[in-house]
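Trainee: Handing you a structure now.
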There are 2 protein chains.
Amino acid sequence: MAQIDSDRVLADLRHLATFGAYKTGVHRPTFSEEDIAARRWFRGRLAEAGLEAEIDGIGNVYGRTPGGGPKVLTGSHLESQNHAGWLDGALGMVYGLEAARAIGGGVEVAAFCDEEGHFGSFIGSRSFTGLLEEEEIDRLANRYDATPLRDALARAGLAGVERRRVEPGRHRAFFEAHIEQGDTLESGELKIGVVSAIVAIWQYRIVALGEQNHAGTTSMARRRDAGLAITRLLGEIDRRFPGLAGPRTVWTTGRITLEPGAPSIIPGRAECLFQFRDADPAVLDRLDGELRRLVAEGGRGRCEMTLDVMGQSRPAKMDERLQEVLATAAERRAPGRWLVMPSGAGHDAQYLARVMPAAMMFVPSIGGISHHWTENTSDEDIVLGAQVYCDAVEAVLKG
Amino acid sequence: MAQIDSDRVLADLRHLATFGAYKTGVHRPTFSEEDIAARRWFRGRLAEAGLEAEIDGIGNVYGRTPGGGPKVLTGSHLESQNHAGWLDGALGMVYGLEAARAIGGGVEVAAFCDEEGHFGSFIGSRSFTGLLEEEEIDRLANRYDATPLRDALARAGLAGVERRRVEPGRHRAFFEAHIEQGDTLESGELKIGVVSAIVAIWQYRIVALGEQNHAGTTSMARRRDAGLAITRLLGEIDRRFPGLAGPRTVWTTGRITLEPGAPSIIPGRAECLFQFRDADPAVLDRLDGELRRLVAEGGRGRCEMTLDVMGQSRPAKMDERLQEVLATAAERRAPGRWLVMPSGAGHDAQYLARVMPAAMMFVPSIGGISHHWTENTSDEDIVLGAQVYCDAVEAVLKG
């Protein structure tokens, strides 16, 4: 069985963290100078590993093995969230690279561009799997500084460069390793998470329309307070959802806006962004139905209330045979210290799963922290995870 | 008894509405060009009425009667809220002017600057009553465009101009007329409101501190969701306050802010601006106590919760004898169609009440609307109100 080189794995991760270093983490937004430099460096590492490596027209770094025979695709993403951690994405990239080096021929590696969504939603993996049209590329822009994606691609030297698409039948499987980003593994003193499915995210904008008025002269009886209507709705959700949710369902109100937002004015309009996530379609449908019922009920009060669906993705089931392969590798290297669990966050694997058997593996996040520069995983866990990952890739490649 | 000139009252109000005309209302922020022009025009009207008129160093327009004898002070404010109504403030100014014209000597008129708070809080009436220090003037700036108050005063030609202070003992009373801004009079088919007191406003900033985290990977059990903590607190207020409030108490959440405010991030910090108003100190104390109890209880959950007092004004009781004078005048001109009621909004009279007996009188607001360009009162009600007002001023002056 192929043995990974622990020092090489850690050294590559640490080198990658120098691109956009920020405190103990990194700030490496998609197509920033640091990100482009990181992509070029990673392409070089792939070439050193004997892969035919290129950066394609959407910014994906793709290393292919010359010659025939069975192939497994590995990878994740290279860019980071703003002022975020050094391992989110990078870990999966270096695991893939190390598997290619340790196992040799047949292991291909892809860094899917902009998984972190600085420009769009999974544009790298959607491009690779044939789900990204040119028109969408024309339309997208950086969400922070409004730079058009086309301009960013041109600055990265990628204008007019071909986009690589998956070749049907080329790969036996896709493997993505990632930090867990939660504390399930850590709190259970576990080392490996075998991902059963990537949850769906159902996201809504809920708007209440009342009547803006003077907060001193308008009696409580006469008010049509849109803010109060939204507060009451969120209270009902808080009371009702626990009884309807699955064991791992999560639901979140990320934003509440009252208009005009002045202390002495009764809000005439209120809006909230609300989402829930689960891997089970039955749970998703149940919560969606309850939410619609509560909004309709709220809208029969003094304010109108409407619900807009912002997104309803589908859960992405990971391949069952690949889950077994990962479980076998985990049990061999960390007996009894692994868990089958869903991923509450979205990952490129959810798109890859549409075109080939896909698998995801988690390593523990210290304190469950992610999307923050303090994000970390112990060296020991990083190394153990790399070996489990390599074992699983090898088992599929040679199986 | 002095008879008002209805046409003159309406003509002056309509002329005043040409300064910053906006749709059927006005946009006349403090020290805008239109506002300065309105002040100068009004000073001219006071001079035509035989008053010694000036604009003082804080922008107050002040018309004094030459000679001795009893004096009554009348007035309100000239500037408007942004894109707001033509009568808010203006009505009280023209009523004062008309009383001075109809009654003759002894009626003085003051327009207190910036009652609408573009730069500060009641700076005109606080200056007049000795409650505004130079240091505060140095510090204040326009809340929308950050222009320092000193610069605005200089542009209005008022730099270095003396600020007028009330002369103790000079006035028997202060009278302020205003549109009601609510619908109590209209819905009761009443014509005149005799104000018993101006309510106190107790205003708070409530902050919940939790832990910002990933909305997909953080289990419900592990979350410390600051937004949820605030939502639950507001739900408790909604349940508890009706049982503790007085018949006219109002309470309002004007703003809720979740940070960072992204759909997929659990808010680590949440803030709301909350206020209640009542004229009864016992009610105010009861609600304050309950709010503190609920915040303390909320803070024993998963989030820390703190409450900052932004302001706790005191209710300003209107003078009882003056209320009787107004009631007598109202009963004479509109028998059975007047009401003693508190003012839910703040007015300059609350500061004048600290230095002399003060009275306020309301006329109906169509649809209870104010702080909006559709604000209006029927000509008939405007004229009736002017006569009641004039009668009351005259009764005090000659009583």
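The values are calculated or read from the model by the stated rules, or taken from the named source; none is laboratory data. All values derive from a computational prediction rather than experimental measurement. Counting neighbours? That spans all protein chains shown, and the Cβs are built from the backbone with ideal geometry, glycine included.
Trainee: From the set of residues in segment A:246-273 that are more than 8 Å from chain B (Cβ to nearest Cβ) and closer than 21 Å to B:A221 by Cα, which is surrounded by the most Cβ atoms within 10 Å (Cβ to Cβ)?
Mentor: Ranking the qualifying residues of segment A:246-273, first place goes to A:G246.
Trainee: Within segment A:213-235, is there a residue that is modelled with pLDDT under 95, buried (at least 22 other Cβ atoms within 10 Å of the Cβ) and more than 7 Å from chain B (Cβ to nearest Cβ)?
Mentor: Yes, that holds for at least one residue.
Trainee: Report, by residue number, each residue of segment B:244-285 that is of a type in the set (A, V, I, L, M), in contact (Cβ under 8 Å) with a residue 60 or more places away in the chain and in contact with a helix residue (DSSP H, G or I) (Cβ under 8 Å, 6 or more places away or on another chain).
Mentor: B:A270 - this is the single residue of segment B:244-285 that is of a type in the set (A, V, I, L, M), in contact (Cβ under 8 Å) with a residue 60 or more places away in the chain and in contact with a helix residue (DSSP H, G or I) (Cβ under 8 Å, 6 or more places away or on another chain).
Trainee: Mind telling me which of the residues A:T24, A:T30 ends up being in the same structural domain as A:G104 (by TED's automatic domain parsing), at negative phi, buried (at least 18 other Cβ atoms within 10 Å of the Cβ) and polar (S, T, N, Q)?
Mentor: Testing whether each residue is in the same structural domain as A:G104 (by TED's automatic domain parsing), at negative phi, buried (at least 18 other Cβ atoms within 10 Å of the Cβ) and polar (S, T, N, Q) leaves just A:T30.
Trainee: A further question follows. For segment A:1-21, enumerate the residues that are assigned to a helix (DSSP H, G or I) and crowded, with 17+ Cβ neighbours inside 10 Å.
Mentor: Passing the criteria: A:V9, A:D12, A:L13, A:L16.
Trainee: Please give the number of the condition B:S125 fails out of (1) closer than 21 Å to B:N376 by Cα; (2) out of contact with any strand residue (DSSP E or B) (no Cβ under 7 Å at 6 or more places or on another chain); (3) buried (at least 24 other Cβ atoms within 10 Å of the Cβ).
Mentor: (1)
Trainee: Continuing with this model, one more query. Mind listing whichever residues of segment A:357-370 are more than 14 Å from chain B (Cβ to nearest Cβ) and closer than 14 Å to A:G75 by Cβ?
Mentor: A:A358, A:A359, A:M361
Trainee: Among the residues of segment A:307-337, count how many are of a type outside the set (D, E, K, R), more than 14 Å from chain B (Cβ to nearest Cβ) and surrounded by 13 or more Cβ atoms within 10 Å (Cβ to Cβ).
Mentor: Of the residues in that region, 11 qualify.
Trainee: If I ask for residues that are surrounded by fewer than 18 Cβ atoms within 10 Å (Cβ to Cβ), within 13 Å of another protein chain (Cβ to nearest Cβ) and within 26 Å of A:R314 (Cβ to Cβ), which ones from segment A:274-302 would you list?
Mentor: none
Trainee: Which of the numbered conditions does B:I198 fail, given that it passes all the others? Conditions: (1) more than 23 Å from B:G346 (Cβ to Cβ); (2) modelled with pLDDT of 95 or more.
Mentor: Status for B:I198: all satisfied but (1).
Trainee: Name the residues in segment B:76-135 that are β-branched (V, I, T) and closer than 19 Å to B:R165 by Cα, would you?
Mentor: Within segment B:76-135, B:V107, B:V109, B:I123, B:T129 meet the criteria.
Trainee: Say whether the condition of being charged (D, E, K, R), more than 26 Å from B:A21 (Cα to Cα) and surrounded by fewer than 21 Cβ atoms within 10 Å (Cβ to Cβ) is met by at least one residue in segment B:352-364.
Mentor: yes
Trainee: Do we have any residue at all in segment A:48-58 that's assigned to a strand (DSSP E or B), touching a Ser or Thr at 6+ places or on another chain (Cβ under 9 Å), of a type outside the set (D, E) and closer than 17 Å to A:D12 by Cα?
Mentor: Within segment A:48-58, not a single residue is assigned to a strand (DSSP E or B), touching a Ser or Thr at 6+ places or on another chain (Cβ under 9 Å), of a type outside the set (D, E) and closer than 17 Å to A:D12 by Cα.
Trainee: Any idea which of B:E79, B:E98 is buried (at least 22 other Cβ atoms within 10 Å of the Cβ), closer than 30 Å to B:K398 by Cα, of a type outside the set (S, T, N, Q) and under 23 Å from the mean Cα position of the chain (by Cα)?
Mentor: Only one candidate passes the filter, namely B:E98.
Trainee: Can you list residue pairs whose Cβ atoms sit under 8 Å apart, with the first residue in segment B:66-95 being assigned by TED's automatic domain parsing to the domain that holds B:G368 and the second being of a type in the set (F, W, Y) and at pLDDT below 95? Count only pairs 6 or more apart in sequence or on different chains.
Mentor: B:N82/B:Y144; B:H83/B:W373; B:A84/B:W373; B:G85/B:W373
Trainee: Suppose the filter is more than 29 Å from B:A329 (Cα to Cα), buried (at least 19 other Cβ atoms within 10 Å of the Cβ) and either charged (D, E, K, R) or under 15 Å from the mean Cα position of the chain (by Cα) (or both); does B:F175 pass it?
Mentor: no
Trainee: Name every residue in segment A:342-353 that is more than 10 Å from chain B (Cβ to nearest Cβ) and of a type in the set (A, V, I, L, M, F, W, C), in order of residue number.
Mentor: Within segment A:342-353, A:A349, A:L352, A:A353 qualify.
To keep it simple, each residue is scored yes or no on (1) more than 14 Å from every other protein chain (Cβ to nearest Cβ); (2) part of a loop (DSSP other than H, G, I, E, B); (3) more than 20 Å from B:R248 (Cβ to Cβ); (4) polar (S, T, N, Q).
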position	(1), (2), (3), (4)
B:L339	no, no, no, no
B:V355	yes, yes, yes, no
B:H372	no, yes, yes, no
B:I382	yes, no, yes, no
B:Q387	yes, no, yes, yes
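Trainee: So which of A:I201, A:I192 is more than 14 Å from chain B (Cβ to nearest Cβ) and within 22 Å of the chain's Cα centre (by Cα)?
Mentor: Going through A:I201, A:I192 in turn, the sole match is A:I192.
Trainee: Of (1) touching an Asp or Glu at 6+ places or on another chain (Cβ under 6 Å); (2) within 30 Å of A:D278 (Cα to Cα); (3) hydroxyl-bearing (S, T, Y), B:T231 satisfies all except one. Which?
Mentor: Among (1) touching an Asp or Glu at 6+ places or on another chain (Cβ under 6 Å); (2) within 30 Å of A:D278 (Cα to Cα); (3) hydroxyl-bearing (S, T, Y), B:T231 violates only (1).
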